[in-house]
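Written below as structure tokens is the structure these notes are about.
Every number here is computed from the coordinates shown, using simple stated rules; none is lab data. Remember, predicted model here, so these are calculated numbers, not experimental data. Here the Cβ positions follow ideal geometry from the backbone for every residue, glycine too, while neighbour counts run over all protein chains shown.
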Amino acid sequence: MTNPGTLPSPERIDPDRFTLLLEEAGWKLVGARRGQYKRFAPPGLNDPSGFRGSLIIPLDRGAPEFPQMMSAAVREVSNTDAGDLWRRVIQPRIIVDTADQFQFRKETDAPPGTIPWKQGEELFGAARLALVAGAKSYVERLRRYSNRFGQFSNRFLDSILMGQTGVGSYIVTAYAPTDAAIPITSGSSTSGRIAQGRDITLHFASALEATAEAVEHYRSTSSLSGFDAGVGRGVSFELSSALESLARDGDGGNITITWDSGADLFGEIADSHFVFTREDGQALARAATHLAAESEPTVRQTVIGRVHLLTKKHLGGPGVFGLDSISGAVRKVRVRLRDAENYHRAVNAHDGDLILAVSGELERDGNMYWLLNAEILSEVAHVDELGERLSSASQLTDQAFTEELFGESS
């Protein structure tokens with residue numbers, strides 16, 4: 001994001017977008033000369049028509065005085081009593097394309113603008129998981145996604161900008177460009193395989209609406225049938241889990257989507273607002289368990305191979321590594337481990353050139369295979385020690401291949 005203390009270059013500012021954002025933030029148009037300038041009064045004036053201030057927004061980007069006048073206008077807005085609006089609402093959006101705004105709020109007893117640390121971490125995690133679930137629902141409506149469409153959802157997240165925290169118990173703000181073109185499959189550029197940012201946001205809003213309706217149905221009936229019915233609109237295990245995290249502790253939470261009026265959305269549209277109370281957390285938790293239990297059963301498989309591409313993004317996290325398989329039809333697998341102890345074993349195997357047998361839930365995401373919730377069963381042998389055992393075993397069936405490498409029947 002732009003440094004709050006750094007004003008954007010005037011050449012990067014679209015005057016039409018600037019004036020639109022000013023009006024959305026409560027500034028009032030009090031004068032204009034077609035094609036040359038517009039003059040605005042700041043928010044809160046009882047009689048804006050009587051305002052005779054100096055906030056003039058130049059409109060002709062080709063005029064020689066445009067950079068100087070635009071710089072003066074930007075400084076004026078950022079230094080007024082509405083400077084907080086500039087930092088939170090206008091500046092983050094003034095130099096990006098049209099973008100829909102998400103705000104994730106968690107209500108706590110902490111002073112405005114702050115939140116207990118652990119709950120703050122949960123809020124960021126819930127916001128991320130909700131956005132991921134919303135993106136995945138664009139591709140296909142499933143009860144549980146696990147690792148499916150993970151690359152697509154990551155590309156959607158890469159298109160999003162995070163804004164400054166707003167005043168409140170705590171608010172996470174994100175801006176999703178409406179015109180972002182996101183390939184559904186890796187490297188895709190063919191017609192019909194590109195998702196537009198606004199379309200993904202619309203699917204996310206539909207999924208949130210369906211979840212809110214399912215929660216309302218649960219309140220009156222104690223039935224989870226509303227969640228089952230909502231799967232076709234984007235309700236999922238992942239979204240229910242995210243919203244349960246948003247709602248638990250404190251006094252609940254809410255999500256607001258502010259639709260950018262600069263994008264064509266069949267005219268004006270009201271903000272979308274979804275509230276989930278602390279009491280709703282029980283319904284969401286039950287729904288998540290129900291949706292996961294009713295999903296297609298996962299089958300654990302064993303992959304044998306050599307470790308590479310070790311990575312651990314989070315301190316104390318379980319970690320991920322690549323496995324060059326020497327068994328079965330899948331030649332390369334990414335392994336997401338169950339716990340950190342297994343990661344230490346993977347590091348040792350990499351350093352020692354050991355072949356590992358790893359068990360997990362095998363799933364495909366695009367052109368990549370993942371072994372999820374995985375654990376290391378054993379160190380099979382050193383690469384140099386396999387020799388003829390590998391050569392002869394590779395001609396066997398997968399089950400016999402495994403038995404041959406382990407030297408025993410499973």
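Quick look at the values:
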quantity: Long-range amide H partners of residue 332 with built H, under 5 Å; calculated: 325
quantity: Residues residue 34 and residue 220, FRET efficiency given R0 of 51 Å [Cβ-Cβ distance, rounded to 0.05]; calculated: 0.35
quantity: Karplus-derived 3J(HN,Hα), 6.51/-1.76/1.60, for each residue of the stretch 330-337, Hz, glycine and proline x; calculated: 7, 8, 10, 9, 8, 10, 9, 7
quantity: Residue-by-residue Karplus 3J(HN,Hα) for the stretch 344-359, coefficients 6.51, -1.76, 1.60, Hz, glycine and proline x; calculated: 4, 5, 5, 4, 5, 5, 5, 5, x, 6, 9, 8, 10, 9, 10, 10
quantity: Linear extension gain, residue 275 paired with residue 299, 0.36 nm per residue minus alpha-carbon span; calculated: 5.0 nm
quantity: Sequence-distant residues sharing a close amide H with residue 310 (under 5 Å, placed H); calculated: 322
quantity: Table column - 3J(HN,Hα) (Hz), the stretch 204-214, Karplus curve with 6.51, -1.76, 1.60, x for Gly and Pro; calculated: 4, 4, 5, 5, 5, 4, 5, 5, 4, 5, 5
